[in-house]
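Asker: Okay, here's the structure, questions in a sec.
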Amino acid sequence: MMDVEAVRNLAAKLDLWTVEDAAHAFPSAWRKASDQPWQFCGNQTGAVSCFSFYANKTMTTGEGGMAVTADGDLADRMRLMSLHGLSHDSWLRYSANGSWDYKIVAPGFKYNLTDIAAALGIHQLPRAEQMRQERERLARWYLESLADIEEIELPPEPNDRIHSWHLFPIRLRLDRLKIDRDAFISELKEAGVGCSVHWRPLHLHPYYEQTFGWKPEDFPVATAVWQRLVSLPIFSAMKDAEVEFVLETIRGLCERHAR
Ligand SMILES: Cc1ncc(COP(=O)(O)O)c(C=O)c1O
């Protein structure tokens with residue numbers, strides 16, 4: 001999570017309100033200092049916090065997500081706009097006390113979570129923290145077991161965050177390796193370790209290159225970090241033997257290709 005207070009202060013200074021992209025952050029938390037209480041993402045950490053339940057997220061409904069707010073007016077507006085601007089959804093129209101008559105009261109969208117997806121999600125919600133704890137166990141295992149490998153840099157673990165551990169990105173120290181990131185990933189994949197890169201920066205996508213004329217050197221930090229990134233597998237159902245295999249494979253790869 002971001003430093004919530006820094007974002008809040010900036011928003012207050014500029015008279016803005018914040019919509020938090022919390023796509024990866026369910027559940028996670030922030031605190032100002034170790035003697036301060038935790039503030040969980042979505043519990044008024046922004047005016048609105050948006051979580052993603054897409055298939056590759058920490059909990060999933062297949063597609064969709066959840067927007068949360070403590071502001072009743074905003075909540076009403078989001079409900080209205082997410083279903084065509086209809087005065088009544090189907091449940092209200094067909095229930096015993098509902099009316100068949102509905103009106104379009106605003107130019108809305110079709111952004112509602114389907115009932116079937118919601119039925120999946122409602123049973124995932126109580127499991128989310130237990131699944132996070134399992135990912136945290138795996139992340140700690142990675143952190144401890146890979147700490148002595150000089151060819152890689154591990155993600156930080158600040159003590160004022162509860163991390164969702166949606167991803168476990170490492171950065172290769174390319175100056176200590178004889179191969180580049182792409183070759184590193186190819187070898188991992190050949191060995192049977194699924195991995196990815198999160199993410200290709202915007203300025204390196206053809207659409208943005210062509211539309212805005214952006215070049216890799218226009219954003220040198222993002223370009224350099226991207227060339228070093230590899231996300232290792234991490235998911236709550238990951239078995240201990242699978243973690244051991246990933247660790248073994250990475251160690252072997254680094255030994256073979258160390259400069
Ligand atoms: C940071 C971030 N924000 C938003 C999204 C979009 O989420 P969704 O696919 O649920 O619209 C994603 C999807 O991966 C994401 O990574």
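Asker: Considering only the other residues whose Cβ falls under 15 Å of the Cβ of residue 39, what net charge follows from Lys and Arg at +1 and Asp and Glu at -1?
Answerer: -1
Asker: Here is a further query. For the residue pair residue 251 and residue 208, what label-to-label distance in nm results when each label sits 7 Å from Cα along the Cα-to-beta-carbon direction?
Answerer: My value for the distance between the label points is 3.8 nm.
Asker: Shape call for the range 108-172 from the C-alpha gyration tensor, a ≥ b ≥ c root eigenvalues: rounded (a/c under 1.5), prolate (a/b greater than b/c) or oblate?
Answerer: Judged from the Cα gyration tensor, the range 108-172 comes out prolate (a/c at least 1.5, a/b above b/c).
Asker: Here is a follow-up. Per residue, how much accessible area does the range 129-257 show when a 1.4 Å probe rolls over the protein heavy atoms, in square angstrom? If you can, show how the numbers build up before the last one.
Answerer: Working: 7170 Å² over 129 residues.
With all protein chains present, the range 129-257 gives 56 Å² per residue.
Asker: Tell me, in nm to one decimal, what length is gained between residue 43 and residue 111 on full extension, where the rule is 0.36 nm per residue of separation less the Cα-Cα distance?
Answerer: The span from residue 43 to residue 111 would gain 22.2 nm if fully extended.
Asker: Now a separate question. What FRET efficiency do you get for residue 175 and residue 147 if R0 is 25 Å and r is their Cβ-Cβ distance, rounded to the nearest 0.05?
Answerer: Rounded to the nearest 0.05, the efficiency is 0.85.
Asker: Can you work out the Karplus-derived ³J(HN,Hα) for every residue in the range 62-67? Use 6.51 cos²θ - 1.76 cosθ + 1.60 with θ = phi - 60°, whole Hz, and x for glycine or proline.
Answerer: x, 9, x, x, 8, 10
Asker: I need the Debye-formula profile for the range 138-259: one equal scatterer per C-alpha, no solvent, reported as log10 I(q)/I(0) at q = 0.10, 0.21 1/Å, two decimals.
Answerer: The Debye formula, applied to the Cα set alone, gives -0.35, -1.24.
Asker: Taking the simple approach of a point 7 Å from Cα along Cα-to-Cβ for both residue 33 and residue 120, what is their distance in nm?
Answerer: It is 4.5 nm.
Asker: Taking the 0 to 90 degree range and rounding to the nearest ten, how far is the long axis of helix 4-13 tilted relative to the main principal axis of the chain, both from C-alpha atoms?
Answerer: The angle comes out near 60 degrees.
Asker: Taking square-rooted eigenvalues a ≥ b ≥ c of the alpha carbon gyration tensor, is the range 1-144 rounded, prolate or oblate, where a/c under 1.5 means rounded and, failing that, a/b exceeding b/c means prolate?
Answerer: Here the range 1-144 falls in the oblate category.
Asker: Another question, if that's okay. Tell me what the chain gives for mean residue ellipticity at 222 nm when only DSSP H runs of n ≥ 4 count, each as -39,500 (n - 2.57), the sum divided by the residue total, rounded to 500 deg cm²/dmol. Walk me through the numbers on the way to the answer.
Answerer: Values: 9 runs with 98 residues, N = 259.
Computed mean residue ellipticity for the chain: -11500 deg cm²/dmol.
Asker: Are there trypsin sites (Lys or Arg not before Pro) in the range 87-139 that DSSP marks as loop and that have at most 15 other Cβ atoms within 10 Å, and which are they?
Answerer: 103
Asker: Still on this structure, please answer the following. In nm, what is the difference between 0.36 nm times the number of residues separating residue 244 and residue 101 and their Cα-Cα distance? If you can, show how the numbers build up before the last one.
Answerer: On the way: separation 143, 0.36 × 143 = 51.48 nm, distance 6.04 nm.
Extra length available between residue 244 and residue 101 comes to 45.4 nm.
Asker: Leaving ligands, DNA and RNA out of it, report the carbon-plus-sulfur percent of the accessible area of the range 4-127 at a 1.4 Å probe. Before the final figure, lay out the partial values.
Answerer: Working: 4740 of 8190 Å².
In the range 4-127, the share of accessible area belonging to carbon and sulfur is 58 percent.
Asker: Another question, if that's okay. Once phi is turned into ³J(HN,Hα) by the Karplus curve 6.51 cos²θ - 1.76 cosθ + 1.60 with θ = phi - 60°, what whole-Hz value does each residue of the range 101-110 show in order, with x for glycine and proline?
Answerer: Rounded to whole hertz, the list is 7, 10, 9, 8, 10, 7, x, x, 10, 10.
Asker: Additional query: What longest range of the chain stays clear of loop-exposed GluC sites (Glu not before Pro) (DSSP non-H/G/I/E/B, at most 12 other C-beta within 10 angstrom)?
Answerer: Working: sites that count: 63, 150.
In the chain, the maximal stretch lacking such sites is 151-259.
Asker: Whose amide H sits under 5 Å from the amide H of residue 18, counting only residues 5 or more places off or on another chain, with H placed in the peptide plane?
Answerer: Correct list: 47, 48.
Asker: Follow-up. Which of 159, 97, 56 moves most in a GNM of the chain, Cα contacts under 10 Å?
Answerer: 97
Asker: In the range 151-255, what trypsin sites (Lys or Arg not before Pro) fall in a loop by DSSP, with at most 12 other Cβ atoms inside 10 Å?
Answerer: The qualifying sites are 178, 239.
Asker: From the gyration tensor of the Cα coordinates in the chain, what semi-axes in whole Å does the equivalent ellipsoid have, largest first, with each one equal to sqrt(5λ)?
Answerer: 40, 22, 20
Asker: So what is log10(I(q)/I(0)) for the range 72-157 at q = 0.19, 0.25, 0.26 1/Å, when the Debye sum runs over its Cα atoms only?
Answerer: At q = 0.19, 0.25, 0.26 Å⁻¹ the computed log10 ratios are -0.93, -1.19, -1.22.
Asker: Amide H neighbours of residue 85 under 5 Å, counting only residues 5+ apart in sequence or on other chains, H built in-plane at 1.01 Å?
Answerer: Correct list: 108, 109.
Asker: Apply the a/c threshold of 1.5 to the C-alpha gyration tensor of the range 7-84 and tell me whether it is rounded, prolate or oblate.
Answerer: Oblate is the answer for the range 7-84, as a/c is 1.5 or above yet b/c matches or exceeds a/b.
Asker: Once both axes come from the Cα atoms, what is the angle between helix 240-257 and the longest principal axis of the chain, in degrees from 0 to 90, rounded to 10?
Answerer: That helix lies at roughly 50 degrees to the long axis.
The values are calculated or read from the model by the stated rules, or taken from the named source; none is laboratory data. All figures in this text were calculated on a predicted structure; none of them were measured in a lab. Note: ideal-geometry Cβ built from the backbone for every residue, glycine included; neighbour counts use all protein chains shown. Surface areas here come from the heavy atoms of the whole protein model, side chains and all, with no ligands, DNA or RNA. Shrake-Rupley method; radii C 1.70, N 1.55, O 1.52, S 1.80 Å.
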